[in-house]
Amino acid sequence: MSNRWRQFIKSIHPEGIPWPASIFYNALSGTNIFLSHYELVAADVAHFGKAARLLDIGTGPGHLLAAMRKVMPDTQLTGVDISAAMIAQAKRNMEKYEQDSHIELRVADAAALPFPDATFDRVVSTGSFHHWKNQLGALAEMYRVLKDDGCALIYDLVRDIPETVLQEVLAKYGGFRLLLLWLHSFEEPFLNAPEMEQLGRQTKFAGVETKFAGALCCLILRKHSEVNK
């Protein structure tokens, strides 16, 4: 997909998923390969250490929050999504998962988060970064709401998945499920790993790097305290 075509797709692609597409997306994200990746992401986030408060941006149907509760039971979890339909779906899913009141769900734009400065120890996002119309604005908001020495972890599919990663995913999930992910990349304006890093370097974040967690590329952004700068 050419850069011009990706920019066109992004310009017409909705930033939030409206009803009734939210119902389809909830069903799709509830399949094995997606749920496995939510669990993988949750475990990866937990490896970055304890967090009193965690924000999930673009939470969608809330599957990541359910996975996060299992690995970080004492963390206060908050999920936001620009789509009211997705937040409604997430609330229904929380009832299904019988999650506790420590999970908060709110409608909010990634580029205009309704939280005070330095509210969260960790900010995460899974599969929604490529949807955001104002990615730099959203990254600036992530920086603002993070506490010093906190980090933002942005997981997304990319166009340039390394061959070794593809083979690992193929071995674990099979060709059909991998094909679903591959076809998904043609109708979505995904970035590649260097482009994600380039966006990160245009922010105030001091540490910027990428790695892979399953089929997802993770952009790691660290906010250092003034003392450590």
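The values are calculated or read from the model by the stated rules, or taken from the named source; none is laboratory data. The structure presented is a predicted model; accordingly, all values stated were derived computationally and were not measured. Don't worry about glycine lacking a Cβ; one is built from the backbone with ideal geometry, like all the others, and counts go over all protein chains shown.
His130 meets the conditions (1) out of contact with any helix residue (DSSP H, G or I) (no Cβ under 7 Å at 6 or more places or on another chain); (2) closer than 20 Å to Asp74 by Cα in every case but one. The failed one is (2).
What's the total number of residues in the range 46-56 that are out of contact with any helix residue (DSSP H, G or I) (no Cβ under 7 Å at 6 or more places or on another chain) and either touching a residue at least 12 places away in the same chain (Cβ under 8 Å) or among the aliphatic types (A, V, I, L, M) (or both)? Here the count works out to 5.
Looking across the range 117-148, the residues that are hydrophobic (A, V, I, L, M, F, W, C), closer than 20 Å to Gly16 by Cβ and not in a helix (DSSP H, G or I) come down to Val123, Val124, Trp132.
In the range 188-216, the residues that are more than 21 Å from Glu163 (Cα to Cα) never reach a residue that is part of a loop (DSSP other than H, G, I, E, B) and of a type in the set (S, T, N, Q) with C-beta atoms less than 8 angstrom apart, at least six apart or across chains. If the condition is being out of contact with any Ser or Thr (no Cβ under 6 Å at 6 or more places or on another chain), surrounded by 15 or more Cβ atoms within 10 Å (Cβ to Cβ) and of a type outside the set (Asp, Glu), then the range 44-61 contributes Val45, Ala46, Phe48, Arg53, Thr59, Gly60.
The set of residues from the range 90-134 being closer than 17 Å to Leu54 by Cα and among the acidic types (Asp, Glu) comprises Asp100, Glu104, Asp109, Asp117, Asp121. Just one of the listed residues (Lys211, Lys223) is under 20 Å from Phe48 (Cα atoms), modelled with pLDDT of 85 or more, of a type in the set (Lys, Arg) and buried (at least 18 other Cβ atoms within 10 Å of the Cβ), and it is Lys223.
For Lys96, the criteria (1) exposed (fewer than 14 other Cβ atoms within 10 Å of the Cβ); (2) in contact (Cβ under 8 Å) with a residue 24 or more places away in the chain hold in every case but one, which is (2).
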